[in-house]
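Input: a single structure, listed below in C-alpha cells.
The values are calculated or read from the model by the stated rules, or taken from the named source; none is laboratory data. Computed from a predicted model, the values in this text were never measured in an experiment. Cβ: placed from backbone, ideal geometry, glycine included. Neighbour counts: every protein chain shown.
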Amino acid sequence: MKNQNINISTEEKKRILEMYNISKNVNSLNEQPESVMDRRLGISQNIERATQEISDAEKKYNCVPKKFASRVKILIDKGYNKNILKLALSIIGRESSFSSGTRYSILEPAKEIASFFGVNTSVGPAQMSSETAEELGLKLSYITTYLGALDGAYQKLLKSINIAKSKGYTVQSSNLGNEGTGMGIYDIAIAAYNTGDGIITKWCESNVPERIKQGFRNKCNSSEADKTKEVKNYVPNYKTERWDGVEITTHGYVKETAGYFKDFNCF
C-alpha cells in the first residue's frame, strides 16, 4: 500500500495531531529513514481520517465557526450537554469574537506571558482567568487552545448552573425576558462567568424606598431585604469598569452572550 500525499499545511498537521493525540512529534511526518516508513504511513492515514472528520463536523455544525466545529463534535461525542455547549460557545463569541477579534489578537500574547509568570489575568478564547482554570483543574496550556477554551467555559458554566439550581433558579425566563436566553438559570450562569458566582443567590424585594423606586432588589440575607417576597430568577445589573475604561454592565454582558446563543440552531 502506497503512502498517500496529503495537501495539508504543517500548521494544520499540528492542529490535527494535537486534537486526536496521534503523535507528539509532527516532524516524524517528514523523516526519511526506511525504519520509520510504517509509522509514517500509519500517521498519514490517521491524519487523513481526522481531516475527513473535521470536514464532516464543519458541515454538520455549520452554524458554528469552523475552528470550533470539530471541537463541538468531540465534546458532544463525550456526552456533554448541547445547550451548555452552546452557552460556552456564546461566551467565547462574546469574549474574543471566537479568537479573531482585533483587541483579543493584540492583547492575548502579552496576557499569556503574564499568566505564565503568575499574574491572574484572563487568557484564551474564553478569556478564563488562570485562577478559575486552577479551581477547575485545568492547565493554562489547555485553556488557551480552542478545545480547552470550549471545555473550560463549559465546566465553569456547569458549576454555576448547579449552584443556581441549589438557589432555586429554573428554566423559566429571568427579569431580562426575551433579551436573555429565555431561561433564568442560564442567564445567571452567564452573569456569573463575568462577575463571579457570588451573584448567584436568593434575591428578595427591597424594603428601602429608594431601591424600590429604582426597581432594585436585595440579597435575601440582607437587612434591607423583605424576606417574605423572594424574586425568582433574578439577575442583578452591576456596573464594572474594565482596565481600559470601557464600562460593562451585567445585563449588557448577558444580552450580548444570549444573542450568540440564539444563533446556534444546528445542534
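Would you mention how many residues in segment 67-102 are surrounded by 17 or more Cβ atoms within 10 Å (Cβ to Cβ), closer than 23 Å to G180 by Cβ and basic (K, R)?
Within segment 67-102, residues that are surrounded by 17 or more Cβ atoms within 10 Å (Cβ to Cβ), closer than 23 Å to G180 by Cβ and basic (K, R) number 2.
If S105 passes every condition in (1) surrounded by fewer than 21 Cβ atoms within 10 Å (Cβ to Cβ); (2) farther than 21 Å from A69 by Cα; (3) at pLDDT below 95 but one, which one does it miss?
(2)
I need a count of the residues in segment 105-131 that are of a type in the set (V, I, T) and out of contact with any helix residue (DSSP H, G or I) (no Cβ under 6 Å at 6 or more places or on another chain).
Going residue by residue through segment 105-131, those that are of a type in the set (V, I, T) are 106, 113, 119, 121, 123.
Keeping just the survivors that are out of contact with any helix residue (DSSP H, G or I) (no Cβ under 6 Å at 6 or more places or on another chain) gives 106, 113, 119.
Total meeting the criteria: 3.
Would you point out which residue out of N237, N233 is within 29 Å of the chain's Cα centre (by Cα) and surrounded by fewer than 16 Cβ atoms within 10 Å (Cβ to Cβ)?
Checking each option against the conditions leaves just N237.
Examine segment 84-94 for a residue that is part of a helix (DSSP H, G or I), under 23 Å from T257 (Cβ atoms), in contact with an Asp or Glu (Cβ under 7 Å, 6 or more places away or on another chain) and at pLDDT 80 or above, and state whether such a residue exists.
yes
Considering each of K165, K159, K202 in turn, give the residue that is among the charged types (D, E, K, R), modelled with pLDDT of 95 or more, assigned by TED's automatic domain parsing to the domain that holds E131 and farther than 28 Å from R71 by Cα.
Being among the charged types (D, E, K, R), modelled with pLDDT of 95 or more, assigned by TED's automatic domain parsing to the domain that holds E131 and farther than 28 Å from R71 by Cα holds for just one of K165, K159, K202, which is K202.
Of the residues that make up segment 231-240, is at least one in the same structural domain as V123 (by TED's automatic domain parsing), charged (D, E, K, R) and at pLDDT below 95?
Scanning segment 231-240 turns up at least one residue that is in the same structural domain as V123 (by TED's automatic domain parsing), charged (D, E, K, R) and at pLDDT below 95.
Looking only at segment 178-210, filter to residues that are in contact with a strand residue (DSSP E or B) (Cβ under 7 Å, 6 or more places away or on another chain) and either basic (K, R) or part of a loop (DSSP other than H, G, I, E, B) (or both); which one of those is nearest to S90 (Cα to Cα)?
That would be T201.
Where residues in segment 49-62 are touching a residue at least 40 places away in the same chain (Cβ under 8 Å) and surrounded by 14 or more Cβ atoms within 10 Å (Cβ to Cβ), which of them is nearest to C266 (Cα to Cα)?
Y61
Quick check: anything in segment 184-191 closer than 20 Å to K227 by Cα and among the hydrophobic types (A, V, I, L, M, F, W, C)? Write out each step before concluding.
The first filter runs over segment 184-191 and keeps only residues closer than 20 Å to K227 by Cα, leaving none.
No, every residue in segment 184-191 fails to be closer than 20 Å to K227 by Cα and among the hydrophobic types (A, V, I, L, M, F, W, C).
Out of E53, E131, I need the residue that is part of a helix (DSSP H, G or I), outside the structural domain of Y186 (by TED's automatic domain parsing), over 20 Å from K262 (Cα atoms) and of a type in the set (D, E, K, R). Which one? Give the steps one after another, and end with the answer.
Values: E131 fails: outside the structural domain of Y186 (by TED's automatic domain parsing).
Just a single option satisfies the conditions, and that option is E53.
Would a scan of segment 138-155 turn up a residue that is under 17 Å from F261 (Cβ atoms), touching a Leu at 6+ places or on another chain (Cβ under 7 Å) and of a type outside the set (A, V, I, L, M, F, W, C)? Step through it out loud before you land on a result.
The first filter runs over segment 138-155 and keeps only residues under 17 Å from F261 (Cβ atoms), leaving 149-150, 153-154.
If we keep only those that are touching a Leu at 6+ places or on another chain (Cβ under 7 Å) too, we end up with 150, 154.
When the remaining residues are screened for being of a type outside the set (A, V, I, L, M, F, W, C), the result is 154.
So far as segment 138-155 goes, yes, one or more of its residues are under 17 Å from F261 (Cβ atoms), touching a Leu at 6+ places or on another chain (Cβ under 7 Å) and of a type outside the set (A, V, I, L, M, F, W, C).
What do you reckon, is N175 more than 21 Å from the chain's Cα centre (by Cα), assigned to a loop (DSSP other than H, G, I, E, B), surrounded by 16 or more Cβ atoms within 10 Å (Cβ to Cβ) and not hydroxyl-bearing (S, T, Y)? If you could, list the steps in order and put the result at the bottom.
Working: more than 21 Å from the chain's Cα centre (by Cα): yes; assigned to a loop (DSSP other than H, G, I, E, B): yes; surrounded by 16 or more Cβ atoms within 10 Å (Cβ to Cβ): yes; not hydroxyl-bearing (S, T, Y): yes.
It is true that N175 is more than 21 Å from the chain's Cα centre (by Cα), assigned to a loop (DSSP other than H, G, I, E, B), surrounded by 16 or more Cβ atoms within 10 Å (Cβ to Cβ) and not hydroxyl-bearing (S, T, Y).
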